[in-house]
1. When the chain is fully extended, how far beyond the present Cα-Cα distance does Asp190 get from Ile92, taking 0.36 nm per residue of separation?
2. Give me the distance in nm between label points sitting 7 Å out from Cα along the Cα-to-Cβ direction at Asp71 and Asp161, one decimal.
3. With both partners inside the chain, how many of the DSSP beta bridges are antiparallel, as a percent to the nearest 5?
4. Against the 2.2 N^0.38 Å scaling, with N counting residues, where does the chain land? I'd like the Cα-based Rg ratio to two decimal places.
Amino acid sequence: MPTHIDEALAFDDPEARLNLHIAADAMFHGHDPSDDAVRKVNIERFLQQVEKEVSRYLNQEHAPLLLAGVDYLLDIYANINPYPHLITDHQISGNHEHTSPETLHRMAVELMQPYFMQAQRQAVADYRQLAATSEQANAQIVEVLTAAYQGRVRALMVSEDDQCWGTFDPLRLRADINTAPQPGDEDLLDLAVALTLRNGGEVHAMPGANLPDDAPLAAVYRY
């Protein structure tokens, strides 16, 4: 992924690169070069190259994409990014060139907490509705593990307070559960999480008391 406009437009002539560098400098120092159509077009070209790599990385993902940066650049980028889970009503505004990834992560988690809680509440509501009317929801660990292995789990709710020790045989689609860990055992809740994420499902970790049906996990199926 290009990290600078000069790198993105490396094959332009030297004078063009100089002008683009001046435009980028002006933007990062708070000046709005929007009256210069040429500069804006080249900035868009740079951001299109960024977007191309972001979209390739997020292929088949469902995670929210939160933007951090200078407002002017974020507005342009949001208009050219087709990712369906791009967050448009929240952004981390400002020049974060020297902000550490850890700090950005903390800021993002705080900003996105209401989004995740809403998604979690929706998953629980979907489970309750489907469990009462169809077979597209289940809270039995063997059935959920099988569905997660087969890529059928759309949303998994799992207790962050519990563990479930045992083994899972994907060939026979069978799980053996033990009350205490035995040699060769693994936490089957962790396994359900890994299988769900591997196949593009969403996972919601929550206090065990918030899970439906008094089970350590519950799942909503795609089919």
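Every number here is computed from the coordinates shown, using simple stated rules; none is lab data. Here the structure is a predicted model, which is why all the values come from computation and not from measurement. All Cβ positions, even for glycine, are placed from backbone atoms using ideal geometry, and neighbour counts span all protein chains on display.
1. 32.1 nm
2. So the two model labels end up 4.4 nm from each other.
3. 65
4. In units of the 2.2 N^0.38 Å rule of thumb, it is 1.35.
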